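Please treat every number below as a calculation from the coordinates, not as lab data. Note that the structure is predicted; figures quoted are calculated from it, not measured. Every residue, glycine as well, gets a Cβ built from its backbone with ideal geometry; the counts of neighbours run over all protein chains shown.
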Amino acid sequence: MADKISFEAPRGMRDFYPEDMVWRNKVFDAFRAAGESYGFVPYDACVVESYELLARKAGEEVGEQIYHFFDKSDRHLALRAEMTPTLARMVAQRQKELAFPLKWTTIAQCFRYERMTKGRKREHYQWNLDIIGEESTLAEAEVIGAAVDALLRMGLTTADFKVHVSSRKFLGSLLEKSGIAAEKHAQVFLALDKRGKMPDGEIAAMLRDGGLSDADVDATFRIMDTKSFEGCAELEELFRLAETAGFADALVFDISVIRGLSYYTGVVFECFDTAGEFRAIFGGGRYDNLLTTIGGEPTSAVGLGFGDVVVTELLKSRLGADAAKAASGIAVGFMSDAQRDAAVRLAAKLRAEGERVDLSLRAQKPKKFFSHAGSGCAAKAVFLGPDDVEKGVARMKNLSTREESDICL
Ligand code: HAM
């Protein structure tokens, strides 16, 4: 006899049972509504890319996490770990035809062979918002504003989360003032991004490996205590625009935000829950050189990725595990097979009127019908017995208020 196959999804991959889909839909609905409200247009792409497009410079964690394989024709392929290289490829392919600035959005399933910790899976859906071809800081303000809007639509308030913002340009200028040359900054950023995830001693060792002297390392740690962004024009402008647009209370300056991806060039940001319980809710920044890296024309860009995993955990903890359930629609049932056709006709009539109808598939006792209808997602229920069919009128019950009204069959 064959070995029994495990019923569990592979480690780090997820199944979505109906009760999970309710949450996923709530989160995706907010993503879509916020994207539309801010004028982003949807796009989509293939999940499999050439490994070459996704392969990274050494040091970037995501490079070691790529699921890759050779197909039967020996093509080296990979599952996307993020959407940004794919977006860059798509824009580069049509760079001459597209009208910039572009505001594009998608919800992309991404795969990363991660060490499994709270809030990190090996597959997640990531809402992406990107503005391509705009240098002004209004681009940062619009992507951050849209992400904040999505969180508010989900039912959170700015007391639940904060978007921590900084600028690699600003940090770079502080490092340079301390005598740390620009060519060392990429390594410094990757090392500093690990702060809080590994001891400072190990980070100091990484910095020394990147060519920094002991005095440089001390200076770098001192810079990380910077509390003011005075003199950084782009951050001053971002905070001013956030004030004007009405979401300044969601922003805080935080020099420790660096981001683990090396393509960021300017403003960087990451959103965290204020209680500090969860991993980053979303993250992004300005990346002005990615298109040239893959062979396209120089183009400025700003964007963010907002995963479904952390925000769902946060929503369940703040709003309650049942908060995504919204009863709607009408359950229609019948007592015996003699009323079945009448129930089918009633369901057809209600559906034609635009109602969502869950028609019972078999005759039931009223108690069973109402207890099932009440525990499901229906808001109202109609149960047909022989008398109702004879009279041509039945009772429609509101399952939460218990109020009843007549409905013609
Ligand atoms: P990232 O910081 O690597 O950035 O990911 C963005 C967000 O995706 C994270 O804040 C988190 O919500 C979610 N996420 C990432 N990895 C996982 C995982 N293993 N499990 C669950 N959730 C995860 C990027 O990917 C950039 N490409 C974002 C971007 C778009 N930058 C510019 N445009």
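For the chain, the Kirkwood estimate of the hydrodynamic radius, built from every pair of different alpha carbons, is 24.6 Å.
Across the range 1-139 the C-alpha pair distances fall into 5 Å bins from zero in the proportions 2, 8, 14, 17, 18, 16, 13, 7, 3, 1, 1, 0, 0, 0 percent. DSSP assigns beta bridges within the chain; of those with both partners inside it, close to 75 percent run antiparallel. Cα convex hull, the range 96-182: 214 Å³ per residue, rounded to a whole number.
Note on Ala186/Glu355: beta-carbon distance plugged into 1/(1 + (r/R0)^6) with R0 of 60 Å gives a FRET efficiency of 0.55. DSSP beta bridges fully contained in the range 1-111 are about 75 percent antiparallel.
Note on Phe28 and Arg402: the model spin-label points, each 7 Å out from Cα along the C-beta direction, lie 3.8 nm apart. In a DSSP loop and with at most 10 other Cβ atoms within 10 Å, the trypsin sites (Lys or Arg not before Pro) in the range 30-110 are Lys72, Arg94, Lys96. For Ala81, the amide hydrogen comes within under 5 Å of the amide hydrogens of Phe111, counting only partners 5 or more places away or on other chains and with H modelled in the peptide plane.
Helical content of the chain, expressed as a calculated mean residue ellipticity at 222 nm, amounts to -11000 deg cm²/dmol (DSSP H runs of 4 or more residues, -39,500 (n - 2.57) each, divided by residue number, nearest 500).
Taken along the Cα-to-beta-carbon direction at a fixed 7 Å, the label points for Ala45 and Ala348 span 4.8 nm. Listed values for the range 128-142 are Karplus-derived 3J(HN,Hα) couplings in whole Hz (6.51 cos²θ - 1.76 cosθ + 1.60, θ = phi - 60°), namely 10, 10, 9, 10, 10, x, 9, 8, 6, 5, 4, 5, 4, 4, 5, and x replaces Gly and Pro. Fully extending the segment from Ala363 to His76, taken as 0.36 nm per residue of separation minus the present Cα-Cα distance, adds 97.7 nm.
Computed from backbone phi, the HN-Hα couplings of the range 256-268 come to 6, 7, 10, 5, x, 9, 7, 7, 6, 10, x, 4, 10 Hz, rounded to whole numbers (Karplus: 6.51 cos²θ - 1.76 cosθ + 1.60, θ = phi - 60°; Gly and Pro given as x). For the range 92-132, GluC sites (Glu not before Pro) are listed when DSSP marks them as loop and at most 14 other Cβ atoms sit within 10 Å of their Cβ; the list is Glu97. Under 5 Å from the amide H of Ser167 lie the amide H atoms of Val268, each residue being 5 or more positions distant or on a separate chain, with H modelled from the backbone and absent for Pro and chain starts. If the viscosity is 0.692 mPa s and the temperature 37 °C, what Stokes-Einstein diffusion coefficient in µm²/s follows for the range 313-409 when Rh is the Kirkwood radius over Cα pairs? Roughly 233 µm²/s, to the nearest whole number.
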